[in-house]
Every structure is written in structure tokens, then in C-alpha cells.
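Here the structure comes first, spelled out in C-alpha cells, and everything after it is commentary.
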Amino acid sequence: MNNKFNWKEQINQIYDRFPEATRRPVIGLTANYADGEQRLTAFYYKSVEKAGGVPVVIPPIDNPDIIINTLERIDGLILTGGADFNPLYCGEQPCRRLHSINSERDLPELLVTRLAYNRQIPILGICRGIQTLAMALDGHVEQDISLNTDGIKHSQDAERSEATHTVSLLPSSMLHDIYGTDTIYVNSFHHQAVDNAGKKFRITAKATDGVVEAIESSEFKPIMGVQWHPECMEEGLPIFEWLVRQAILFSETKRLHHTILTLDTHCDTPMQFPQGIRFDCREPKALVDLQKMTEGRLDATIMVAYLPQPKIGESFSSIVRKSYPSEEELPTASPFDYANMIFDRIETIVAKQKKYLSIARTPKELYEDKRNGRKSIMLGIENGIALNGDLANVKHFAQRGVVYITLCHNGDNDICDSAKGCNTHNGVSRFGEKVIAEMNRLGIMVDLSHAGEKSFYDALEISRTPIVCSHSSARALCDHPRNLTDEQMRQLAKRGGVAQITLYPGFLRKEGEASIIDAMNHLEHAIRIMGIEHVGLGTDFDGDGGVTGIADASKIINFTRMLLARRYNTTDIQRIMGGNFMRVMAEVQAGRR
């Protein structure tokens, strides 16, 4: 007869195998609070265990350091059931049928939910949890659905393991994928309910009386809320298994981001500087800041000094002044001065956050920053008019640390013709030939995003080093002159260059709302044409780039998660998320003379 009290023998059995434990994702569960005690019914953590996760209880504490450190260590989150939300959190007074509220839980859970959402953590909300999702993420909760006299009874006296009504599932929903049916039987024990899911969610299940029973992310995130209690029903286990699968994928994605270096090759955040943005906080006006880079586990970004192209008879300073009428420090002398002002401001921002932020000039410096826990900014120029027609200024910007110059923007300049120009030079100008040669000599990458086709092919012939397209997509999928044809992609790859798929919606699809799926389709098209060694991601964040599912820097990790879900291996993901671009950068910089 085995002695179950011989715990030392059980320790020995653990050590008899290697590894000691099968890797499982850690699932945090918010806890109820009553009579000075943190409480959680066994159904929740036993369901997590049965589904293959490791349950840990999150106490109702609103200390930001505790919340953030907790979120860093979990792979999935369950928002559990319990008392009503205090209506004051949504600016309302309590209705007369409001049940008990819990002053210990509300604020901690609202903070946990919003911060977990920003970190792309998979979330499952149950009963009160679905309401927490709505409250925390810009939806709305009705205080008492029993005021609707035409409704079914949603607060039953039956055992929680017993189904008490049916809900209809949206065919194209995660719940429908989980159960493979249009209708399921559920239990019901509530009187508050979501009545407005908000823009971040879509409604995926309703009861027969129209009460919202489930919501899920409208942004391709693994976030779902259900109004019933699946933890109490045998039929509820598949929902927990769904969460555990998503948590496993998220855990793998986090580990991958810890290993590889991720680089966004084009963002226009400096355009926001005249609006007084703060880079060290989660800035609502900008898509890239230190907080969002941290949340999305983005290691580095190339910030460009964007210079609009004047039309004939229009001065550069007049364009800039129209864009920033209240900005007193804007230079009026030249594009050269304006570009330098942008770089001065970047350097000032970095100096204020030098413990967490650095300006990098080479791939080696990027990796050094990652090892030291710093985010990196690299400098780029978007529109070669920054040179002011003076070849000597190429050396000036090389000394400032500029890693690439986009030869033109939306209009022909003195270097080359634009994709949206009028064929002023029939490609690259004589001055442009000298600029490309000087960039080659000084180790600055030639960027042909925005260039016309003739300019593109001219530059390929002129440059003795590979060229890049820092933010361009596939014309075969979206017929826009800014996008690359398949033949351009082939020739670019043949000469060792890279094309970085951009998230500008109009370059991803002609009609409808662009999403992360469209970006992935463009990437995979480029891979088929060019090979996986010649592609990457240049978001164009803050230059009107950003789409559903990857709308700002905090969501970069979603792209990696999708690559993993599509079975790309670590080596290929490193190539896509910055490795290919850094290879070209290293080659160009090695060719300096």
C-alpha cells in the first residue's frame, strides 16, 4: 500500500525525470475579496489546470509596480466573476436595483485589464469579467437588465453546473470555432450586462432576449469575454483550452522577442514633435513612444526627418509653416536646417532618457543597446532635398549618424523622379548619380521608397551597394504607384536589397479597412517573389501608417505572434523583423571609403 504522506518519496519521483516540469503557460486569475480575505472558487483554477495551464492568483492591489511586474510574468489572464462594478467608474449614479459593489476589486481590475490589453496578453473575461473588459476598454455596462421586463430570467437559482438557457453564436467568431455550432447551452447568474461593446470589441453571442452574452476583440487579439460561468460546466473546458493555447503562443512569442532583435525601419514620429509630445510616457498623440515600444517588445526604430516636397513656385519654409503655425523654433532658411532641427530634438529626447534609450548608428550598437536593456533610435532622412543641392551635406548627415536617405518623396526633386512626380529627369538626375555614389562612399543606405520606376532601376545600376525600400508594399496586391511591382522586387533581391512592407492602409488595399492580415498577405507575397532573405517591416507609424491589429508600436508583437502561428521558424522571423535590413546596413557601412 502506497503511503501518500511520504512526501519525500514524491520529491524523489520529481527528480527522477528531466526536465523537472513540462513547460506550461502561466495564467493569472483575478481574485474576489470579502471579509478581509482574498477569495477564488476552486472551479477557476482547476479548469486552468485541466486545460494545461499554471494558475496563479492576482490579488486586488492597485499598486502599479505590483501590477506591471505581475503582468510581465504571466502568459494569459482570466478576469473572474463577482460583485457589481461601482457605476461611478463610468460616470453614473447607482440605479435602485444595483446589487453589492466591491471597493477592493474595481480599480485594480480596471488597471490590470487595460495594462494587459496594452501588452497584448491573451484575456478571458467570465461573467463580471466580460463587464470588466467593457468597462476598462471603452465599452459600457447596463446596471440592471431586469429593468427590461421582456427579458428572460438571467439570475437563476439552479446549480451553476446546470444549463439554464441558450445563446446564439456569431458564425465567424472564436466561440463558433471552439464549439463548431450556432447554439450552445449555458448557465446564467447575473443582472449587469454589456450593452455597448465599444470599438475594441464585437458582439459574438446573444441570448434569445438580445442580452449580450459574449464579446471578442475586433483587432485580431486573443481576447474574449463570456457572460456565463464555463468553469462550472463540463462543456466549458474548451474555452479554457482556447485560452491556454493562446497563452502558449504568447509565451513563445515573448521568448522569441527576448532572443531576436526587432527593428521597425521607418517611422515618422518626429513629425509629432512640434505638437509637444512626450516620448517617455504613453503619448496619445503618437504611435511610437518609449512605453509602446516596451509593451510591444520593439527593440529599435528608424525615425526619419520627413521633408515635404514643395511644388513649383512654393518655398519649403512656407509648407512647414502651414503645417506648424504655432511653432516658434521652426527654421525658415532651408530643408537642411529643418532636418538638423529634427535630429537635435531626437538627441534631446534621448539625452533625457539615456538609461532606457540610445541613438544607434550600426547593427553592432543595436545589439549592444539590447544587451544593456535600452531601446534604440536610428536616424533617417525622408526626401533628399535635405541636402540642399550640396554634395558636401551627405558627409554632414553621415557624421550625424543617418543610416539611410530616401532619395525623394511625393514629387520630383533635384536627385530623382518620384512615383508621384512628372518625370522631370527621366529617372535619376546627374546630381542624383553623384549623391548615390557619395552615399555609397560614406556608408549611407540608398532608400528608394517613393521613387518612380525609372529612378528605381537607375539607382539599382548606379549603386555599388545593395539598396533598400524602407516602407513599400506589393503592387500585385494593391495597385498603387508607391508599391513595388513583382519585377522590381526580383531585381531588388537579385542585387541583395530588401523591401520592407509598410502599414500605410492605402498601400495595402484599395477598398475596405486594412488589417494585420493584409500586411501579412503583402509580406508573404514579397517572400514568394524575393525570398525570405529580402523582406521586412517598415510601419510608417505616425506617417499615417498603422492598421487594425498592428495600430501602433505596442502591437508589433502581434505580427511576430502571427508569424509563429503560421509556422515561421526563429531564423526566418529574425530575418523578417530586422535581420535582413541590418544585413544590408552592415554591408553598406562596410563599404565606406
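Hey, could you pull the Cα Rg and Dmax for segment 337-439, both in Å?
15.9, 48
Per-residue counts of other Cβ atoms within 10 Å, averaged by peptide: what ranking do you get for 70-80, 4-14, highest first? Mind dumping the intermediate values first?
Details: 70-80: 21.8, 4-14: 9.3.
Ranking, from highest mean packing down: 70-80, 4-14.
Using the reciprocal of the averaged 1/r over all distinct C-alpha pairs, how large is the Kirkwood radius of the chain in Å?
That comes to 26.2 Å for the chain.
Around residue 34, which amide H atoms from residues at least 5 apart in sequence, or from another chain, sit under 5 Å from its own amide H, with H modelled in the peptide plane?
It is 39, by chain and number.
Computed from the mean reciprocal separation of all distinct C-alpha pairs, what Kirkwood hydrodynamic radius does segment 109-170 have, in Å? Mind showing how you got there, number by number?
Numbers: mean 1/r = 0.0713 Å⁻¹.
One decimal place: 14.0 Å for the Kirkwood radius.
Show the residues, 5+ positions off or on another chain, whose built amide H is closer than 5 Å to the amide H of residue 125.
Under 5 Å from the amide H of residue 125: 79, 224, 225, 226.
Quick one: length gained pulling residue 89 to residue 42 fully straight, 0.36 nm per residue minus the C-alpha distance?
Working: separation 47, 0.36 × 47 = 16.92 nm, distance 2.92 nm.
Once the chain is fully extended between residue 89 and residue 42, it gains 14.0 nm.
Return, for the Cα atoms of segment 26-93, the radius of gyration and Dmax in Å, separated by a comma.
Cα radius of gyration and Dmax of segment 26-93 are 13.5, 42 Å respectively.
Using θ = phi - 60° and the Karplus curve 6.51 cos²θ - 1.76 cosθ + 1.60, what whole-Hz ³J(HN,Hα) does each residue of segment 111-116 get, with Gly and Pro shown as x?
Working through the residues one at a time gives 5, 4, 5, 5, 5, 5 Hz.
If the convex hull of the alpha-carbon atoms of segment 171-275 is projected onto planes in all directions, what is the mean projected area in square nanometres?
Quarter of the Cα hull surface area: 10.5 nm².
Less than 13 Å from a label point 7 Å out along the Cα-to-Cβ axis of residue 155: which backbone N atoms in segment 84-112 qualify, by residue?
Zone members listed by number: 84-85, 95-101.
Considering only protein heavy atoms and a 1.4 Å probe, what is the carbon-and-sulfur percentage of the accessible area of segment 36-182?
Numbers: 3430 of 6990 Å².
Carbon with sulfur: 49 percent of the solvent-accessible area.
Step through the residues of segment 344-360 one at a time and calculate ³J(HN,Hα) from phi using the Karplus curve (6.51 cos²θ - 1.76 cosθ + 1.60, θ = phi - 60°), rounding each to whole Hz and writing x for Gly and Pro.
My calculation for segment 344-360 gives 4, 5, 4, 4, 5, 4, 5, 4, 6, 10, 5, 6, 10, 9, 8, 8, 10 Hz in order.
Rounded to the nearest whole Å³, what is the per residue volume of the convex hull around the Cα atoms of segment 401-524?
Given the Cα convex hull of segment 401-524, per-residue volume reads 101 Å³.
Could you list which residues have their amide H under 5 Å from that of residue 193, counting only those 5 or more apart in sequence or on another chain, with H placed in the peptide plane?
Close amide H contacts, sequence-distant or interchain: 142, 145.
Working out 0.36 nm times the residue gap between residue 9 and residue 461, then minus their Cα-Cα distance, what length gain in nm do you get to one decimal?
Going from the current span to full extension adds 155.4 nm.
Summarise the long-distance tail of P(r) for segment 158-204 by giving the % of C-alpha pairs beyond 17 Å. Each step should come with its number before you reach the end.
On the way: 525 of 1081 pairs.
Summing the P(r) of segment 158-204 above 17 Å gives 49 percent of all pairs.
If packing is taken as the average count of other Cβ atoms within 10 Å, what order do 444-457, 30-43 fall into, highest mean first?
Numbers: 444-457: 25.6, 30-43: 14.6.
Sorting 444-457, 30-43 by mean packing, highest first, produces 444-457, 30-43.
Would you mind working out the accessible area per residue for segment 19-150, using a 1.4 Å probe, and quoting it in Å²?
The answer is 46 Å² per residue.
Could you work out Rg/(2.2 N^0.38 Å) for segment 496-549, with Rg from alpha carbons only? Before the final figure, lay out each step's value.
Numbers: Rg = 11.0 Å, N = 54, 2.2 N^0.38 = 10.0 Å.
Computed over Cα atoms of segment 496-549, the ratio equals 1.10.
Can you pull the Kirkwood radius for segment 525-584, inverse mean 1/r over Cα pairs, to one decimal in Å?
12.3 Å
Can you give the calculated 222 nm mean residue ellipticity of the chain, where each DSSP H run of n ≥ 4 adds -39,500 (n - 2.57) and the sum is split over every residue, rounded to the nearest 500 deg cm²/dmol?
-10500 deg cm²/dmol
Taking 7 Å along the Cα-to-C-beta vector as the label spot, tell me the residue 138-residue 285 distance in nanometres, rounded to one decimal.
1.9 nm
Tabulate in residue order the Karplus-calculated ³J(HN,Hα) for segment 292-305, using 6.51 cos²θ - 1.76 cosθ + 1.60 with θ = phi - 60°, rounded to whole Hz; enter x for Gly and Pro.
Per-residue couplings from phi come out as 5, 4, 5, 5, x, 6, 8, 7, 8, 9, 9, 8, 9, 8 Hz.
Would you kindly state how much longer the chain becomes between residue 454 and residue 422 on full extension, computed as 0.36 nm times their sequence separation minus their alpha carbon distance, in nm to one decimal?
10.3 nm is the gain from fully extending residue 454 to residue 422.
Relative to the compact-globule scaling 2.2 N^0.38 Å, provide the ratio for the alpha-carbon radius of gyration of segment 1-123.
1.36
The values are calculated or read from the model by the stated rules, or taken from the named source; none is laboratory data. Since we're looking at a predicted model, the values are computed, not measured. Neighbour counts run over all protein chains shown; Cβ positions are idealised from the backbone, glycine included. Surface areas here come from the heavy atoms of the whole protein model, side chains and all, with no ligands, DNA or RNA. Shrake-Rupley method; radii C 1.70, N 1.55, O 1.52, S 1.80 Å.
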